[in-house]
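Below is one structure, written out as structure tokens; the observations come after it.
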């Protein structure tokens, strides 16, 4: 059984994790022993692994239909959960379904039902309406970041899904927010609540940066120069503002990515990949990036626009100072602007004159081969080490998808490696290679 200490140890080794943290241990125990569990813990504390370990250990190898459904409020979170579950190397089939991708492709994948189906409420409800999988064997339902799903308008779909699953025996809800009322339609009566929301936030500093002008663009640039080469997110309230901020940063020579709901799904995914692997140190985002996405530990976040609600302020700040690490949330405040009551930031950061941060020196290559082509990370690493003659410290993160892969390499090696690998073969497959 995967729940044994031996197999759990093997999974953690694959994930590069030495041991579970206290929240994960407590959540795992509760999920094993109770039919209703609510896990409250800050963003980045490992809630995904906390519920996946016990769920996978309780899957029945004899059942050939979907046994677990995991609902996530965003495509990015669904993709992240799928990625973690695949990296665990469980041997079970796992699929993710979400908007912005072909429904017919989903339908084809579900012809051989996965043990675990992950998806956004809208897409999963659509599959249930069209009878593309058998719901009678679903015994476990996870509502990950359930309050966010409610906030973005998935209440009707969540209700429809719950009503369509007649034999659910275990319900798991997670959130990074306290005090959110669980709707009646979820039909949770007496859950065990694992609450770690007060953990790991003591090292967060909140400071103000004062802008002499109402238009805060130049102050933002001065702040980024002052902060130097370290990873951070700039939060804006509106996607139109992101374009304006992005254009100004480009004009000033500050490399960055963008992430917001109006982008094509492919571009959103690639923006996060380039942020994770260090191609971009800075990303400009709406509150879509405040939680539920897989990004590295950040040194800072900047509230370019003041958040409109306390919950948004909390979730944005939760992207830094995670798991007992230090981090700073900067509030960019026009000198005549009043702060809302929920923002307490008595300390003012004095911005020192500094040069524009250098580009990272890292670029990202796209490779048109992935898991579905029997290509592994080891195959890609071998290609870049042997034929590409990269040194060990020159090959960065490799992200492997079903039909493609993304590789971080030194920018100075891009031109040579594209010429070398584009239209070459990898595992007998002819591949295209280009920079994204």
Original post:
Does region 68-79 contain at least one residue that is surrounded by fewer than 17 Cβ atoms within 10 Å (Cβ to Cβ) and either in the same structural domain as residue 372 (by TED's automatic domain parsing) or over 17 Å from residue 171 (Cβ atoms) (or both)?
Top reply: no
**OP:** Inspect all residues belonging to region 148-155 and state whether any of them is surrounded by fewer than 18 Cβ atoms within 10 Å (Cβ to Cβ) and over 23 Å from residue 312 (Cβ atoms).
**Re:** no
**OP:** Could you give me the residue pairs with C-beta distances under 6 Å whose first residue belongs to region 327-342 and is surrounded by fewer than 13 Cβ atoms within 10 Å (Cβ to Cβ), whose second residue is modelled with pLDDT of 95 or more wherever it lies, and which are 6+ apart or on separate chains?
**Re:** 335/210; 335/212
Subject >> Meets criteria (at pLDDT 90 or above, more than 30 Å from residue 143 (Cα to Cα) and either surrounded by 14 or more Cβ atoms within 10 Å (Cβ to Cβ) or under 15 Å from the mean Cα position of the chain (by Cα) (or both)) for residue 227 >> reply: yes
**OP:** Give me a count of the residues in region 253-275 that are free of Cβ contacts under 8 Å to residues at least 40 places away in the same chain, touching a strand residue (DSSP E or B) at 6+ places or on another chain (Cβ under 8 Å) and under 19 Å from residue 407 (Cα atoms).
**Re:** 3
Subject >> Residue check, residue 350 under 23 Å from residue 86 (Cβ atoms) and either touching a residue at least 60 places away in the same chain (Cβ under 8 Å) or surrounded by fewer than 18 Cβ atoms within 10 Å (Cβ to Cβ) (or both) >> reply: no
Original post:
Can you name the residue in region 83-92 that is crowded, with 19+ Cβ neighbours inside 10 Å and in contact (Cβ under 8 Å) with a residue 40 or more places away in the chain and is also farthest from residue 149 (Cα to Cα) among such residues?
Top reply: 90
**OP:** Return the pairs, sorted by first residue and then second, in which the second residue is assigned to a loop (DSSP other than H, G, I, E, B) and surrounded by fewer than 16 Cβ atoms within 10 Å (Cβ to Cβ), the first residue lies in region 388-416 and is touching a residue at least 12 places away in the same chain (Cβ under 8 Å) and in the same structural domain as residue 375 (by TED's automatic domain parsing), the beta carbons are less than 6 Å apart, and the residues are 6+ apart or on different chains.
**Re:** 411/361
**OP:** For region 93-108, enumerate the residues that are surrounded by fewer than 18 Cβ atoms within 10 Å (Cβ to Cβ) and closer than 16 Å to residue 66 by Cα.
**Re:** 93, 107, 108
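The values are calculated or read from the model by the stated rules, or taken from the named source; none is laboratory data. As the structure is a prediction and not an experimental result, all values here were calculated from the model. Please note: Cβ atoms are built from the backbone with ideal geometry, for glycine as well, and neighbour counts cover all protein chains shown.
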